[in-house]
Amino acid sequence: MVEMTVESVRINLQTSQRVVILKATKQERYLFIWIAHAEAYAIAIELQGTSSPRPLTHDLLKNVIGDLGAKIESIVISDLIEDIFYARIILDVDGRHVEVDSRPSDAIALAVRAKTSIFVEESVLERAGVALETNEEAITSKAEQRKDLEQDNLDAYRDFINSLDVLDDFGKD
């Protein structure tokens, strides 16, 4: 498993679709997960350090878990089946390991509130992740030949990311 952090939550202004971008903590690997408006809002306001006057659904879930004596250990983006991501919330309930099925967007919204680790299975990153190579990693001549193609891919990802608006002011009215 690869530990990741929430790099940002963005919106495509043309389609109004939201995406959460996860970044590996120890390498240049990214995972883009398209999410719904409510979950984008829930993640973005927590990342901004703001709060809602009343608990949002993910605040409620975090409070219920804590009040029942459980601890959120981590969340895991565990699978990708037919372009649908799957996640698990890992809980410690009085020393007992419990895994709860979840949508990744809900699990991420919960993880940012609980300040807990986010992991992605390597197999998911292999299929859907984006790895950016640095010049130091391009050692062999074959890697050098791919460099131009990868730079084009990197430019395409940068153009895509830059076409999205960061949700820094999301929900601030």
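The values are calculated or read from the model by the stated rules, or taken from the named source; none is laboratory data. This is a predicted model, so every value here is computed, not measured. FYI the Cβ positions are ideal-geometry reconstructions off the backbone, even for glycines, and counts take in every protein chain you see. Areas reflect the complete protein model, heavy atoms only, side chains present, ligands, DNA and RNA absent. Shrake-Rupley method; radii C 1.70, N 1.55, O 1.52, S 1.80 Å.
Under 18 Å from a label point set 7 Å out along the Cα-to-Cβ vector of E122, the amide N atoms of the stretch 65-86 belong to 76-80.
Treating only the Cβ atoms of Lys and Arg (+1) and Asp and Glu (-1) as charged, compute the dipole magnitude of the stretch 5-44 about its Cα centre; round to the nearest 20 debye.
Values: 5 positive and 3 negative charges, 19 e Å.
The calculation lands at about 100 debye.
Relative to the current alpha-carbon distance between Q27 and D67, full extension at 0.36 nm per residue lengthens the span by 10.8 nm.
What percentage of the solvent-accessible surface of the stretch 1-92, computed with a 1.4 Å probe over protein heavy atoms, is contributed by carbon and sulfur atoms?
Numbers: 2500 of 4990 Å².
Roughly 50 percent of what the probe reaches on the stretch 1-92 is carbon or sulfur.
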